[in-house]
Structure formats: C-alpha cells, structure tokens
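Comments concern the structure below.
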Amino acid sequence: TPCASPDAEIETFRAAFASLQRKLQRLEEDSRERLGQEKAAIFGAHALMLADPMFEGGILNLIEAGKTALDAIYDKTMEIRALFSSLPDPYLRERAADVEDVGRRLFREVQGSGDVDLNAPGRHILVAEELSPSEAAVLSPEHVAGVITCVGGATSHYAIIVSALEIPAVSGLESRLFYDGDRVICDGQSGVVVVSPTPATVGRYERKRTLFLKEKGDLASFAGKEAMTRDGHKIELRGNIALPEDAPGVLEHGGTGVGLFRTECLFMNRPQAPSEEEQYRAYKTVLENMKGLPTVIRTLDAGGDKQIPYLDELVGPEANPFLGLRAIRFCLRNKELFMTQLRALLRAGVAGDLRVMIPMISDVSQIQTAKEWLEEAGEALKREGVATGPYRLGIMIEIPSAALMAAELATEVDFFSVGTNDLVQYTLAVDRLNGRVADLYQPWHPAVVRLLKQIVDGAKAGDAEVAVCGEMAGDPLLLPLFVGLGFSGLSMSSVKLPWIKSRLSRIALPWAENLAREALSCKSASLVRQILERGAEELAE
Ligand code: PEP
Ligand code: MG
C-alpha cells in the first residue's frame, strides 16, 4: 500500500523503533537476572540487529519511496530473513529466526498491538509452530508447564532460553497434531511427547516427575558435598563456560573446576581476532576466578556451526562446514593466529591450574604439531623474559577416528574430554542442528556406546584422564552409563551440576557397571534406551 504521508509514517516508525529499543534493553536487563549474562546477550544482539543500518536504514528508504511503515518493516524483515536462511552455515541460518523476531516485534509496535501474552492463567502446555527467543524469555514456568514447537533445534536461541527457565521443551513436532484441551505429557528430558496417555503411562511419568522433584528438593543438601556414588566412587563434576564471567557460576553450583571453556566466544561479535594481551587477560581472569581448581581452556573451535565472519573469510565458502576447515584444522593452517592464542594461554598459566585442550583432533600428527607449537611459543616467551606457567595438555575426542585411535592418542596427552555433541553427529551422520533428523540423533545408540567404551579403554591404557563435556554429560538418563563405563569426570552447564551430583549419589558402581555391560551388548538404539530408562526407574525407587 502506498502511503499518504511519508513524514507521518517515519514518525510512527521512529516512535515504534524507540519503544522497541527500550523494551529490548529492559528484556536484556531482566534476562540477565533470570537467565544469566550469556543468554541475556541474545537480546543485546537483537538490539544491534534493530539498529543495523541495513535494517533501520533500509526500512526508512522504503518509507521514503512511498511504503507505509508496516509494509516497509515487513518487506525489509523478509528480505534480510531470506538472506540469512539461504546461507550455507547452519549457525547463521538459525539467526534468521532472530531477524524475524526483531522484525515481528517492530511490526507489532507500529500496529500498537504490543507483545502477545503467552502466560495464560492456569497451567498449560504451550504448542506453537515456532517460538521466538523474546517470546521464550518472558514465559513464566508457573503457567507454562511445557513447550512443544515444530521448529527449533536444541541449539536455537529459543531452546537455550527455555532450558535456562527450566521449562520442559520438545521440538520437531507439527502443531496440527494437537487440539486445544488435549491431555499431553511433555518430557523435556527425553524429548518424548505423549498425547492422551493411558493411566499406566501417566503413572510412569508421574514416578519420573516424583524422582525429579525429590532430587530438586535434595539439591541444597548436596551443596558442600563431594560428588560420589552411593558406594564412594568419586567423579569430577565440572562446568562448561563460554565467557570468563561464567566461571563464578561453576563454583556457586559446586563444580570442582572448569571442564570446558569454549574460547571461540571471545572471537565472536567483533571485527577482528582479540589480541594476545586481551586473550591473556580473559584466560587469567578465568584461572583466578577458579581459585586453583583445574581449568580446561579449549583452543579456538571456529568453523562448523561456530560462525566468525572475519575467520570464515580466510576459509572461503564450504559445502559442508561441519566436515571442513574447523577448529584445530583451521588453527594449523593459520599459525600466527594460533600462536597468539597459545602464547596468551601459556602466560595465563601462572594464575592457576591450566589445562589446554585441543578440539577436533582426528589424527595423532595434529596433536604432535600442536605440541611442537606450544613448545615453540614457550621458548619464544622465555627468550623475551615473559613468565609462563605449567599446564597439562588434552584433546577433545569428538571424531570417530580419534575414538578408534584412543589408545595411541592417549600416549601423547594428559587427558581426554569426549565431545559427544560432535561425536554423535559424526558417528551417526546426523547434523546436530537439523531438526528434520533430530529423531535420529541418538546419543544412546549402541555404536556411540561402543565408541565411548573404546575411548575409556584407550585412555586407561595410555594413562590419560577421561571425561565427557558434551551435552550428554549433563543428562541424568545417561549418567549410569558414564559411571559404569569408567569415566572419571563430567563437565556440563553449571545449573545441571547439583542435579547430576544428587543423581550420582543414588548410583552404586557395580550396578552401573552391569548396566553399561548390558548397553554394550544391545543391537539397537531403542534397546539401549529401554535399559537406561529402566535404570532411571530403579533409581527412583
Ligand atoms: C562437543 O562437540 O560435544 C563439544 C563439547 O564441543 P562443541 O559443542 O563446542 O562443538
Ligand atoms: Mg565439538
């Protein structure tokens, strides 16, 4: 529709723009309290998107060319959304949802219809085609007992937010499968949804819920205790962090160290790589915050789902980024950049118990080169008279070739940490971000279980410590399996630590070993799953 007066439309747009800017700022502030710094940053990114000249300026141009504010917002949002959706990189493709979120809110501001209130009175399960991060951030767990969506992989911003709110969520289901008023079970732990359940099923899920609530009630009593099984077998429980500021949260939740600091976050949302000095300060802060506890800092894992534009330029377009120049592969081709990080790490080592971890190792030669470069960096610093601290060296086992070569790799390093997010995707050939094959993403698949066993055996043969730091590590269903297979540590997002510690205290080692043996002999994923579920039920008794 052509508009009568561009000036009036521009004024309307500007008022809506300013109002949304204020709302986003408030949302970021509120989210910082409710969801933590890292999640709140999503809305900082939304504010940047809103003020991006391509977006804001583009809309103004369209209005000046005669469109109404509403049409201009709609057209520009769709255009930029389409641009993101067409990108080959899965991480950037997911950002299309963020663009749409911002555009839709701006549209509503102009319409004067404000935000939709999804917290209807009573308690209900919300079923939606799709939920935006900003809609998710204002959900109240008091009213929303669960969320079922069609779109939204486990790594979308929406999913990250509902999980931080502790609202059970399942995605990948068509909303037309549900009718208003249906009785529905939504199990966020296992990703299972049951419509019109039988009384027996309701009973089973009620028992599961009872165990959940019992454990929730016990959480406080585990605060100061060491993490161990019922029969005294100790397991190191550590936290995964993305930013130095997340480190205190690990201690607050009872973690005995950082099991994974994903340093790529330091490289994101900026025009160029952080300098050695900046990285040194960040690593030193983490180590200091951890007060001498083991702190695993992972070297840059750029590429794949982790998009960093100025580094991607060095790589060029790739048809399969997950199989491309990612992580250590990229670092070994960009020595200067990698050496900057290694120097910063070695310097920071004076501040605590540093453990350097290299991601995406697929062959022993890669770790050998990394070791040579670490030595080279250390010698250069010594020549310059700069102090360095001791460190231990480890690798991520997240590629099947590394799992199969675990015994050989273990002789090269001090520790392994299994990146199950990638190990599962590479073993089963299932894109970890693709909702269409989410049902095939089965961490309990016997092929994965057998690889895990091989990793533990290899680590023990080569005298390396072995932990898990993928999402699986924080899943209570899989805990008996890890204990039974012989892992000595698990690292997960801090909020999960007390839960896992509590669940661990219900497990007896021989029982878990038996369960692991059974899982290893299974011929299908569903059989392993049954064993794990039966295990969880036994722990509830
Ligand atoms: C993993 O792959 O399991 C892992 C922990 O690394 P990321 O999720 O960062 O790829
Ligand atoms: Mg990984």
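The values are calculated or read from the model by the stated rules, or taken from the named source; none is laboratory data. All figures in this text were calculated on a predicted structure; none of them were measured in a lab. A quick note on method: Cβ atoms are made from the backbone with ideal geometry, for glycine too, and the neighbour counts reach across all protein chains shown.
Taking the range 121-152, which residues are buried (at least 21 other Cβ atoms within 10 Å of the Cβ) and at pLDDT below 80?
Gly152
Given the structure, is Arg517 at pLDDT below 95 and basic (Lys, Arg)?
In short, no.
Do you know which residues across the range 406-434 are away from ligand 2 (no atom under 16 Å from the Cβ), farther than 18 Å from Pro359 by Cβ and crowded, with 18+ Cβ neighbours inside 10 Å?
Selection gives nothing.
Please determine whether any residue of the range 459-470 is assigned to a loop (DSSP other than H, G, I, E, B), surrounded by 20 or more Cβ atoms within 10 Å (Cβ to Cβ) and within 16 Å of ligand 2 (Cβ to nearest atom).
Going through the range 459-470, the residues assigned to a loop (DSSP other than H, G, I, E, B) turn out to be 462-464, 469-470.
With the extra rule that they be surrounded by 20 or more Cβ atoms within 10 Å (Cβ to Cβ), the set shrinks to 464, 469-470.
This time we only want the ones that are within 16 Å of ligand 2 (Cβ to nearest atom), so: 469-470.
Yes, there is a match, as at least one residue in the range 459-470 is assigned to a loop (DSSP other than H, G, I, E, B), surrounded by 20 or more Cβ atoms within 10 Å (Cβ to Cβ) and within 16 Å of ligand 2 (Cβ to nearest atom).
Tell me, which residue of the range 490-509 that is touching a strand residue (DSSP E or B) at 6+ places or on another chain (Cβ under 8 Å) and assigned to a helix (DSSP H, G or I) is modelled with the lowest pLDDT?
Step one: filter the range 490-509 for residues touching a strand residue (DSSP E or B) at 6+ places or on another chain (Cβ under 8 Å), giving 490-494, 497, 500-501, 504-505.
Now drop any that are not assigned to a helix (DSSP H, G or I), which leaves 494, 497, 500-501, 504.
Details: Ser494: 91, Leu497: 94, Ile500: 94, Lys501: 95, Leu504: 96.
Only one residue fits best here, namely Ser494.
So, in the range 435-449, of the ones that are within 16 Å of ligand 2 (Cβ to nearest atom) and under 19 Å from the mean Cα position of the chain (by Cα), which residue ends up farthest from Phe487 (Cα to Cα)? Outline the logic, then answer.
So the first thing to find is which residues in the range 435-449 are within 16 Å of ligand 2 (Cβ to nearest atom), and the list is 441, 443, 448.
If we keep only those that are under 19 Å from the mean Cα position of the chain (by Cα) too, we end up with 441, 443.
Working: Tyr441: 22, Pro443: 16 Å.
This residue is Tyr441.
Looking at Thr285, Thr256 in this structure, which one is assigned to a helix (DSSP H, G or I), more than 30 Å from Asn434 (Cβ to Cβ) and more than 16 Å from ligand 1 (Cβ to nearest atom)? If you could, list the steps in order and put the result at the bottom.
On the way: Thr256 fails: assigned to a helix (DSSP H, G or I).
Being assigned to a helix (DSSP H, G or I), more than 30 Å from Asn434 (Cβ to Cβ) and more than 16 Å from ligand 1 (Cβ to nearest atom) holds for just one of Thr285, Thr256, which is Thr285.
Could you list, in sequence order, the residues of the range 511-526 that are free of Cβ contacts under 8 Å to residues at least 40 places away in the same chain, not acidic (Asp, Glu) and not in a loop (DSSP other than H, G, I, E, B)?
Matches in the range 511-526: Trp511, Asn514, Leu515, Arg517, Ser526.
Looking at the range 38-55, is at least one residue surrounded by 15 or more Cβ atoms within 10 Å (Cβ to Cβ), over 30 Å from Glu313 (Cα atoms) and in contact with a helix residue (DSSP H, G or I) (Cβ under 7 Å, 6 or more places away or on another chain)?
Of the residues in the range 38-55, the ones surrounded by 15 or more Cβ atoms within 10 Å (Cβ to Cβ) are 38-47, 49-50, 55.
Cutting the leftovers down to over 30 Å from Glu313 (Cα atoms) gives us none.
No.
Mind listing whichever residues of the range 427-447 are in contact with an Asp or Glu (Cβ under 8 Å, 6 or more places away or on another chain) and more than 14 Å from ligand 1 (Cβ to nearest atom)? Quick ask: steps written out before the conclusion?
As a first pass, look at the range 427-447 and keep what is in contact with an Asp or Glu (Cβ under 8 Å, 6 or more places away or on another chain): 432-433, 437, 443.
Of everything in the range 427-447, just one residue is in contact with an Asp or Glu (Cβ under 8 Å, 6 or more places away or on another chain) and more than 14 Å from ligand 1 (Cβ to nearest atom), namely Val437.
Assess whether Val424 counts as being out of contact with any Phe, Trp or Tyr (no Cβ under 9 Å at 6 or more places or on another chain) and either of a type in the set (Ser, Thr, Tyr) or closer than 24 Å to Leu323 by Cβ (or both).
Numbers: out of contact with any Phe, Trp or Tyr (no Cβ under 9 Å at 6 or more places or on another chain): no; either of a type in the set (Ser, Thr, Tyr) or closer than 24 Å to Leu323 by Cβ (or both): yes.
For Val424, the condition - out of contact with any Phe, Trp or Tyr (no Cβ under 9 Å at 6 or more places or on another chain) and either of a type in the set (Ser, Thr, Tyr) or closer than 24 Å to Leu323 by Cβ (or both) - is not met.
Output the strands (runs of 3 or more DSSP E) that fall wholly within the range 333-424 and possess 1 or more residues being of a type in the set (Ser, Thr, Tyr), or say none. It would help to see each step written out before you state the result.
Numbers: elements: 353-358, 391-397, 415-418.
Result: 391-397, 415-418.
For residues that are of a type in the set (Val, Ile, Thr) and more than 16 Å from Pro133 (Cβ to Cβ), scanning just the range 69-119, find the one that is surrounded by the most Cβ atoms within 10 Å (Cβ to Cβ).
First pass over the range 69-119, keeping only residues of a type in the set (Val, Ile, Thr): 73, 77, 80, 99, 102, 110, 116.
From the residues that got through so far, the ones that are more than 16 Å from Pro133 (Cβ to Cβ) too are 73, 80, 110.
Values: Ile73: 29, Ile80: 21, Val110: 21.
The qualifying residue surrounded by the most Cβ atoms within 10 Å (Cβ to Cβ) is Ile73.
Output the residues belonging to the range 398-426 that are more than 19 Å from the chain's Cα centre (by Cα) and either within 15 Å of ligand 1 (Cβ to nearest atom) or modelled with pLDDT under 95 (or both).
Restricting attention to the range 398-426, the residues satisfying the condition of being more than 19 Å from the chain's Cα centre (by Cα) are 400-416.
Within the range 398-426, Pro400, Ser401, Ala402, Ala403, Phe415, Phe416 meet the criteria.
Does the range 32-51 contain at least one residue that is more than 13 Å from Glu100 (Cα to Cα), assigned to a loop (DSSP other than H, G, I, E, B) and not polar (S, T, N, Q)?
yes
From Gly172, Gly259, Gly188, which residue is farther than 23 Å from Arg32 by Cα, within 16 Å of ligand 2 (Cβ to nearest atom) and within 25 Å of the chain's Cα centre (by Cα)? If you could, list the steps in order and put the result at the bottom.
Numbers: Gly172 fails: within 16 Å of ligand 2 (Cβ to nearest atom); Gly188 fails: within 16 Å of ligand 2 (Cβ to nearest atom).
So the residue among Gly172, Gly259, Gly188 that is farther than 23 Å from Arg32 by Cα, within 16 Å of ligand 2 (Cβ to nearest atom) and within 25 Å of the chain's Cα centre (by Cα) is Gly259.
Give the range 153-202 a look and list any residue that's at positive phi and at pLDDT below 90, or say none. Steps first, please.
As a first pass, look at the range 153-202 and keep what is at positive phi: 166, 172, 181, 191, 196.
Those that are at positive phi and at pLDDT below 90: Glu166, Gly172, Gly181, Gly191.
Leu325 - would you say it is of a type outside the set (D, E, K, R) and away from ligand 1 (no atom under 16 Å from the Cβ)?
On the way: of a type outside the set (D, E, K, R): yes; away from ligand 1 (no atom under 16 Å from the Cβ): no.
Criteria not met by Leu325.
For Leu485, indicate whether it is surrounded by 18 or more Cβ atoms within 10 Å (Cβ to Cβ), closer than 30 Å to Glu166 by Cα, in contact with a Lys or Arg (Cβ under 6 Å, 6 or more places away or on another chain) and without any contact (Cβ under 8 Å) to a residue 60 or more places away in the chain. Explain how you work it out, then say what you get.
On the way: surrounded by 18 or more Cβ atoms within 10 Å (Cβ to Cβ): yes; closer than 30 Å to Glu166 by Cα: yes; in contact with a Lys or Arg (Cβ under 6 Å, 6 or more places away or on another chain): yes; without any contact (Cβ under 8 Å) to a residue 60 or more places away in the chain: yes.
Against the criterion (surrounded by 18 or more Cβ atoms within 10 Å (Cβ to Cβ), closer than 30 Å to Glu166 by Cα, in contact with a Lys or Arg (Cβ under 6 Å, 6 or more places away or on another chain) and without any contact (Cβ under 8 Å) to a residue 60 or more places away in the chain), Leu485 qualifies.
Name every residue in the range 357-378 that is within 18 Å of Glu278 (Cβ to Cβ) and under 26 Å from the mean Cα position of the chain (by Cα), in order of residue number.
Answer for the range 357-378, where residues must be within 18 Å of Glu278 (Cβ to Cβ) and under 26 Å from the mean Cα position of the chain (by Cα): there is none.
Test Ile161 against the stated conditions and say whether it is touching a helix residue (DSSP H, G or I) at 6+ places or on another chain (Cβ under 7 Å), closer than 23 Å to Ser493 by Cβ and β-branched (Val, Ile, Thr).
On the way: touching a helix residue (DSSP H, G or I) at 6+ places or on another chain (Cβ under 7 Å): yes; closer than 23 Å to Ser493 by Cβ: yes; β-branched (Val, Ile, Thr): yes.
Spelling it out, Ile161 is indeed touching a helix residue (DSSP H, G or I) at 6+ places or on another chain (Cβ under 7 Å), closer than 23 Å to Ser493 by Cβ and β-branched (Val, Ile, Thr).
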